[in-house]
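Report on the following structure.
The values are calculated or read from the model by the stated rules, or taken from the named source; none is laboratory data. Owing to the predicted nature of the structure, the values given are computational and were not obtained by experimental measurement. Using ideal geometry, Cβ is built from the backbone for each residue, glycine included, and neighbour counts are taken over all protein chains shown.
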Amino acid sequence: MPASIPSSGSAPVPAGDAERDQAWAELRRLLVGPEREQIGELRSRIEDDSERAGAVARVLPSAVDASLERGPELRRSMQPMVRDVIELTLKHDPALVIDTVLPFFGTLIRRYITNALQDFMDAVNQAQERSVSTRSIAWRVEAWRTGKPYAEIVLAKSLLYRIEQIFLIHRQTGLKLQHRVARGVETKDADMVSGMLTAIEDFIHDSFSTAIGEKQSDTIQVGDLRVWVQHGRHALLAAVVRGAPPLELKERLAQVVEDVERKFEDRLNPYAGDPSVFAPTAPELDSCLLGRGDVETGGSSRNWKIAGGLAASALLAAAVLWWWDGARWNRLLASLRNEPGVVLTEARRGWYYHEIESLRDPLANPLEGLPERAGFGANRVSVRTGPFLSLDARFVAMRELEPRRRALEDLRIAFAVDSSVVDRAEAERAAAAIRSFASSAAATGQRAIVEVLGSADSTGTATRNTVLAAMRARELVKAVSGFETAGAVLRAGSGETGAIRGVRFRASLEPRGNE
Amino acid sequence: MIVQKKICLLGAYAVGKTSLIRRFVERMFDERYFTTVGVRIDKKELSLDGHDVTMMVWDLAGEDDVTRVDLRRCKGASGLVFVADGCRAHTLETAVRLAAEAEAFAGSVPCVLAVNKVDLAAEWEVEESRLDDLAARGWKIVRTSAKTGHNVDPMFETLAREMLPGAD
Ligand SMILES: Nc1nc2c(ncn2[C@@H]2O[C@H](COP(=O)(O)OP(=O)(O)OP(=O)(O)O)[C@@H](O)[C@H]2O)c(=O)[nH]1
Ligand SMILES: [Mg+2]
């Protein structure tokens, strides 16, 4: 209807007739008012973007429904856009797409591959943390040596990686041909994982119509787990990767696929379903499990070498110390064994403290200071002694020496009044006592010194008495010299007065050997 | 000797593909319906006539008004199971059509047609005459129930026997 409404500009309005003009306007308002408002609203809907967007949004769902009912045109025209969106999302967050498009896989793959490795990874991480001091020292040295910033070295060395599993998969069927794992890694079901990896690969390539080139490789990220997939003509080689391996490893994978395909071409195409024919590929696949020997990357293996070196030198030092300690220990034991009057009953050698139990004759040399003389520090060796009597000739002799000396010194040789004549029997008695003492002294390595002290009683003059005492001593020495006295040295000492009418002895010892 | 084979299950949505596999692999059944998104893969090891067969069973999302079955997933399969719901006659026609389309991807491999939910006799919709007609055209038809387990193992085993080396 609005199209038929005459416009005010073309309407014949009588000139100067303001009243009629107003009447026309009134008429128009009455006639077309509601439509005009609608037209204004429509115009603003068309011209205002946000208004328009709101309007489209209101009808879009039913419009799409209607369109899909009519035919596939809308789907066809929207597909490229949807694909672009998915492709973008996939680029930014592949895991998200895998989880939404193949929800069953994300969790399963993670369960099959990731969990089994967790314990192992924890162990490795712990070891890394523990070795941190030796490692950081080594890095500091390297930074200093190369002139690179320390942080750069740390970054480079911290890029740990490990190829944990290798799957050789038949590309068309998704069947597992061979599966190898790094030492310490466990997997649940390689058959399932093989199938799922293939499905993911197919999904990615089918969805975006990217042809799978023969030498192409893809990276699939599922959680913290990364899988490198290397395509061959008939086989896939999938490597479960942890960390950030050098990209050269991809070339290694490509090489292995090529090799396997060349050798097994006839068994891959077609594949009869018997995986045992691929058993010989094991060594080649194992060669991709890089880090077999140095699983935790080169840097860390060097740390281990350093730690190993330190441990080895510590061991060596300990061995040297032990040996040295053993030498002085043996020295101590030998000196104890050679010590007369000491019997070693028990010797316990510890890492630091040593203990010795012994029996010691009271006459034996004191044991204090013996460990120190063997080279031990203070309080390193505890020496306990119990008493005992040694039957060693020397100790027997020493034990005899004292009583014999006392016997000798108690001996009195009597003389007649005012006489210096020695009675022969008395002389023999004196000689026997001297001999007994002197032989004991000899047995203990000493010489007996016997002083013969003459004396006179108080009768008679002092002068006479002095002479008499000296004469008696000299006479006795002369008389005793006729008898065997076991090397005793006899000295006639000065006389004494006012004591007895006779001779007595004073015994002493002197070391032998200085004659 | 162990032989590995890939098989696929195809059909309309909610006909019981996932349920049949669950019954076959885990010996379980769930009344609840969780539609399959994308693909599921399961594994079943069985011993047949002296052969050890490892079956990798691919469960493809069913076809509905919006989603077509992704037939590319059938490539490399050694056998196909087409599943229909006996209580929804049109799902039988979907299965027959999918069979024709799948050949382009899987080649001519052994097939079996599972008409499922046979336990729901009261709601049965599929005409016996239609099944006879298909059987006459060479279809191997098995009436199954994932719920009771009826004919489930025989259905998979029939297919497996045909895939084994030496079978035609
Ligand atoms: N009574 C009965 N119910 C069944 C049987 N098989 C499947 N169902 C039910 O049917 C519904 C769908 O089963 P699914 O196995 O998920 O169907 P599907 O073919 O995998 O479906 P999509 O994954 O969506 O393609 C579920 O609620 C099942 O419990 C059956 O043999 N008997
Ligand atoms: Mg399902």
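Just checking, does region B:101-116 include any residue being within 16 Å of ligand 2 (Cβ to nearest atom), away from chain A (no Cβ under 14 Å), within 15 Å of residue B:9 (Cβ to Cβ) and not small (Gly, Ala, Ser)?
If we filter region B:101-116 for residues that are within 16 Å of ligand 2 (Cβ to nearest atom), which is where we start, we get B:114, B:116.
Checking which are away from chain A (no Cβ under 14 Å) leaves us with B:114, B:116.
Imposing the further condition that a residue be within 15 Å of residue B:9 (Cβ to Cβ) reduces the set to B:114, B:116.
Next cut, not small (Gly, Ala, Ser) only: B:116.
Yes: region B:101-116 contains one or more residues that are within 16 Å of ligand 2 (Cβ to nearest atom), away from chain A (no Cβ under 14 Å), within 15 Å of residue B:9 (Cβ to Cβ) and not small (Gly, Ala, Ser).
Candidates in region B:67-76 are the residues that are without any contact (Cβ under 8 Å) to a residue 60 or more places away in the chain and facing chain A (nearest Cβ under 10 Å); of these, the one that is nearest to residue B:7 (Cα to Cα) is B:75. Residue pairs whose Cβ atoms lie under 6 Å apart, sitting 6 or more positions apart in sequence or on different chains, and linking a residue in region B:1-23 that is over 23 Å from residue B:100 (Cα atoms) to a partner that is near ligand 1 (Cβ under 6 Å from one of its atoms), are B:19/B:146; B:23/B:146. Quickly run through region A:343-354 and pick out the residues that are exposed (fewer than 12 other Cβ atoms within 10 Å of the Cβ) and part of a strand (DSSP E or B). Residues satisfying the conditions are A:346, A:348.
Residues in region B:22-38 that are under 14 Å from the mean Cα position of the chain (by Cα), hydrophobic (A, V, I, L, M, F, W, C) and within 12 Å of ligand 2 (Cβ to nearest atom): none.
Scanning region B:113-168 for residues that are touching a residue at least 60 places away in the same chain (Cβ under 8 Å) and of a type in the set (D, E, K, R) yields B:117, B:147, B:153, B:157, B:161, B:162. Mind checking whether some residue in region A:399-413 is in contact (Cβ under 8 Å) with a residue 12 or more places away in the chain and either in the same structural domain as residue A:361 (by TED's automatic domain parsing) or among the hydroxyl-bearing types (Ser, Thr, Tyr) (or both)? No, there is no match, as no residue in region A:399-413 is in contact (Cβ under 8 Å) with a residue 12 or more places away in the chain and either in the same structural domain as residue A:361 (by TED's automatic domain parsing) or among the hydroxyl-bearing types (Ser, Thr, Tyr) (or both).
If I ask for residues that are assigned to a helix (DSSP H, G or I) and within 9 Å of ligand 2 (Cβ to nearest atom), which ones from region B:1-21 would you list? Those that are assigned to a helix (DSSP H, G or I) and within 9 Å of ligand 2 (Cβ to nearest atom): B:17, B:18, B:19, B:21. None of A:407, A:427, A:442 is farther than 30 Å from residue A:346 by Cβ and crowded, with 19+ Cβ neighbours inside 10 Å except A:427. Against the condition assigned by TED's automatic domain parsing to the domain that holds residue A:463, at negative phi and in contact (Cβ under 8 Å) with a residue 12 or more places away in the chain, how does residue A:417 come out, does it pass? For residue A:417, the condition - assigned by TED's automatic domain parsing to the domain that holds residue A:463, at negative phi and in contact (Cβ under 8 Å) with a residue 12 or more places away in the chain - is met. The set of residues in region A:172-191 being at pLDDT below 85 and either touching a Lys or Arg at 6+ places or on another chain (Cβ under 7 Å) or not small (Gly, Ala, Ser) (or both) consists of A:182, A:183, A:185, A:186, A:187, A:188, A:189.
When the residues of region A:328-342 are filtered to those that are among the aliphatic types (A, V, I, L, M) and in contact (Cβ under 8 Å) with a residue 12 or more places away in the chain, which remaining residue is surrounded by the fewest Cβ atoms within 10 Å (Cβ to Cβ)? Reasoning before the result, please.
Just the residues of region A:328-342 that are among the aliphatic types (A, V, I, L, M), to begin with: A:332-334, A:336, A:342.
Narrowing the set further to residues that are in contact (Cβ under 8 Å) with a residue 12 or more places away in the chain leaves A:332-333, A:336, A:342.
Numbers: A:332: 25, A:333: 16, A:336: 20, A:342: 23.
Within region A:328-342, the match that is surrounded by the fewest Cβ atoms within 10 Å (Cβ to Cβ) is A:333.
Considering only residues that are in contact (Cβ under 8 Å) with a residue 24 or more places away in the chain and in a loop (DSSP other than H, G, I, E, B), look in region B:39-66 and name the one that is farthest from ligand 1 (Cβ to nearest atom). Before the answer, list the steps.
First pass over region B:39-66, keeping only residues in contact (Cβ under 8 Å) with a residue 24 or more places away in the chain: B:39, B:44, B:46, B:48-49, B:51-64.
Filter once more, keeping what is in a loop (DSSP other than H, G, I, E, B): B:49, B:61-62, B:64.
Working: B:49: 27, B:61: 5, B:62: 2, B:64: 8 Å.
In this case the residue turns out to be B:49.
One residue is enough: does region B:139-149 have a residue meeting the conditions crowded, with 16+ Cβ neighbours inside 10 Å and in contact with an Asp or Glu (Cβ under 6 Å, 6 or more places away or on another chain)? Yes; the residues of region B:139-149 include at least one that is crowded, with 16+ Cβ neighbours inside 10 Å and in contact with an Asp or Glu (Cβ under 6 Å, 6 or more places away or on another chain). Looking at A:312, A:279, just one residue is surrounded by fewer than 16 Cβ atoms within 10 Å (Cβ to Cβ), in a helix (DSSP H, G or I) and at pLDDT 80 or above, and that residue is A:279.
Scan region B:20-38 for residues that are over 21 Å from residue A:191 (Cα atoms) and near ligand 1 (Cβ under 8 Å from one of its atoms) and jot them down. Quick ask: steps written out before the conclusion?
Quick first cut of region B:20-38, residues over 21 Å from residue A:191 (Cα atoms) only: B:28-35.
Answer for region B:20-38, where residues must be over 21 Å from residue A:191 (Cα atoms) and near ligand 1 (Cβ under 8 Å from one of its atoms): B:29, B:30, B:31, B:32, B:33, B:34, B:35.
Restricting attention to region B:1-34, the residues that are within 11 Å of chain A (Cβ to nearest Cβ) and surrounded by fewer than 14 Cβ atoms within 10 Å (Cβ to Cβ) total 3.
Of the strands (runs of 3 or more DSSP E) lying entirely inside region A:357-473, the ones with 3 or more residues being within 30 Å of residue A:332 (Cβ to Cβ) are found at A:381-387.
If we scan region B:77-85, do we find a residue that is within 14 Å of another protein chain (Cβ to nearest Cβ) and not hydrophobic (A, V, I, L, M, F, W, C)? Yes, that holds for at least one residue.
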